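The values are calculated or read from the model by the stated rules, or taken from the named source; none is laboratory data. Everything numeric in this text was worked out from a predicted model, so none of it was measured. Cβ placement follows ideal geometry from the backbone for every residue including glycine, while neighbour counts extend to all protein chains displayed. Only protein heavy atoms, including side chains, enter the accessible area calculation; ligands, DNA and RNA are left aside. Shrake-Rupley method; radii C 1.70, N 1.55, O 1.52, S 1.80 Å.
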Amino acid sequence: MPTTATATETTAGTETVGDAGITIQDPRTGEVLWTVPQAGPDAVNDAVDVARRAAPGWAATAPAERGAALRAAARALDAAAQELAGLNASETGRPEAEALAGIAAAVSTLEQYAELGPVHRGHSLRGSRLASDYTVAEPRGVAVLLTPWNDPVAVACGLIGAALVTGNAVIHKPSERCPRLGEALGEVLAPAFPAGVFLTLSGGADVGAALSQAEVDVIAHVGSSASGARIAEAGARTGAHVIRENGGNDPLLVDRDVDPAWAAEQAAIGAFANSGQICTSVERIYVHKDIAAAFCSALEAEAALRNSNGSVAPLVDLPMRDAVHGHVAEALGQGARAVEGGSLPDGPGSFYPATVLLGCTEGMQVMTEETFGPVAPVQVVDTFDDGLRLACSGKYGLAATVLSSNIAHIQQAVAALPVGTVKVNAVFGGAPGGAAQPRGESGAGFGYGPELLDEFSQVKVVHIAAPPATADPGAGSVIDEQDLP
């Protein structure tokens, strides 16, 4: 268990990474919670060696047995949900009910991969009638998983489940913003698997860098685009397969023919859920001028309600709040208006209010970068085409949402938006298994669904032909294909 820090300084929600470990402070109060030891270079090397030794045995384990182990891990996770949700709330400020929902999603994901893994199959190929041609999916070997803090259990378990059920040994490094939660998750899951198959290492960016530069076979990263770019470079040098889901600047395009109050409700859910700290949060809004006044008024009311009832949780730490407010301050300096929120609150913690910015323009950081806070920046457009053009702009390509009743506009947007996921008339949701490939600086590779099993596997093609005929009468004869009816 981690030690309790004795520091008296209480800078709210700030994690300190150093030789003594990772010190976490409560984002609600600024209280020092605990210090978690950080893995050193020797621990990183040892973990890679242990996983490398364990990988062949786990790869040779029958897929059905691997699935059974994953189901056992899911049961253990379900039993530990309350404890893990409490750690999630303490370290990141996420409301406990939302944390429990994330853990429930993680349990379901493990169960899904437990079923999908044993039926993950190759393909038969068309060749000679007297030959067999097919593909075999094999594990890559040792997988490093670098996971985020904003939905730490659900995201981690998606990668963990897919990597393990396909036969890889796993080294998981949780975010340094929730290290005790990450360690506790490892303590819950590891007993379901053979020794060395699932390992957890705590640490900051240096530990993540060391793991990504080690001789491993696959690296999966969910986090910032800057970190993802460095990991991709490391993978190019080592030859590791890299899967990345990175930053986003997801647009919301509001057409003229929708109910403005409903559209504002959707915008508020997309921008303010989890205090805007969701990979696919609504980051920028383009609304048609015909309904702009009613939409903006309703969105302001949605933000005001959340601010008045205290439902906006704190941001994960003060550095995150500083970054969010920096984007807002820049927009205000360039002519935007904050009709709700937009200022740093008094009191302890890393709270930031639900904020609505009107009069935004395409050059502002809130419209071009990932703000990752409870901020809804709005730009009014003259036509749907104008809004679509702006929604298609930028260096990211994670997801986008379109609110419209016009099927032609919807189809136009689906075809044009350069993103991995297009959501129509719902900012969140979707059927299970909706794997997507992020584009641009938002990453590469499938991050979810059955296709994630392919990312953690490599394909071998097998060709089996009949041997030539033999003169030995006891050896039998080989039928030539021409002799077949």
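At a glance:
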item: Close pairs (7 angstrom Cβ cut-off, 6 or more residues apart or separate chains): touching a residue at least 40 places away in the same chain (Cβ under 8 Å) in the range 290-301, open to solvent by less than 50 Å² (accessible area, probe 1.4 Å) and not hydrophobic (A, V, I, L, M, F, W, C) anywhere; result: 295/260; 300/340
item: Options 212, 227, 128; residue that is under 19 Å from the mean Cα position of the chain (by Cα) and open to solvent by 30 Å² or more (accessible area, probe 1.4 Å); result: 227
item: From the options 236, 195, 190, residue that is of a type outside the set (Val, Ile, Thr), surrounded by fewer than 23 Cβ atoms within 10 Å (Cβ to Cβ) and over 24 Å from residue 61 (Cβ atoms); result: 236
item: Filtered residue count, the range 427-443, keeping only those that are open to solvent by less than 40 Å² (accessible area, probe 1.4 Å) and hydrophobic (A, V, I, L, M, F, W, C); result: 3
item: Residues satisfying the stated conditions in the range 360-380, i.e. surrounded by fewer than 22 Cβ atoms within 10 Å (Cβ to Cβ) and of a type outside the set (Asp, Glu); result: 361, 363, 365, 368, 380
item: Selection status of residue 265, open to solvent by 20 Å² or more (accessible area, probe 1.4 Å) and over 24 Å from residue 417 (Cα atoms); result: no
item: Pairs with Cβ under 7 Å, 6+ apart, first in the range 377-399 and at positive phi, second surrounded by 15 or more Cβ atoms within 10 Å (Cβ to Cβ) and modelled with pLDDT of 95 or more; result: 394/249; 394/368
item: The range 383-411: number of residues that are open to solvent by less than 40 Å² (accessible area, probe 1.4 Å), within 21 Å of residue 262 (Cβ to Cβ) and among the hydrophobic types (A, V, I, L, M, F, W, C); result: 8
item: Within the range 295-324, considering residues that are among the small types (Gly, Ala, Ser) and not in a helix (DSSP H, G or I), the one least open to solvent (accessible area, probe 1.4 Å); result: 313
item: Residue check for residue 6: surrounded by fewer than 19 Cβ atoms within 10 Å (Cβ to Cβ), at pLDDT below 95, within 25 Å of residue 275 (Cα to Cα) and not hydrophobic (A, V, I, L, M, F, W, C); result: no
item: Helices (runs of 4 or more DSSP H) wholly inside the range 135-216 that include at least 3 residues being of a type outside the set (A, V, I, L, M) and more than 19 Å from residue 448 (Cβ to Cβ); result: 179-189, 205-213
item: Residue ID - surrounded by the most Cβ atoms within 10 Å (Cβ to Cβ), chosen from residues in the range 48-87 that are closer than 16 Å to residue 182 by Cα and of a type in the set (D, E, K, R); result: 78
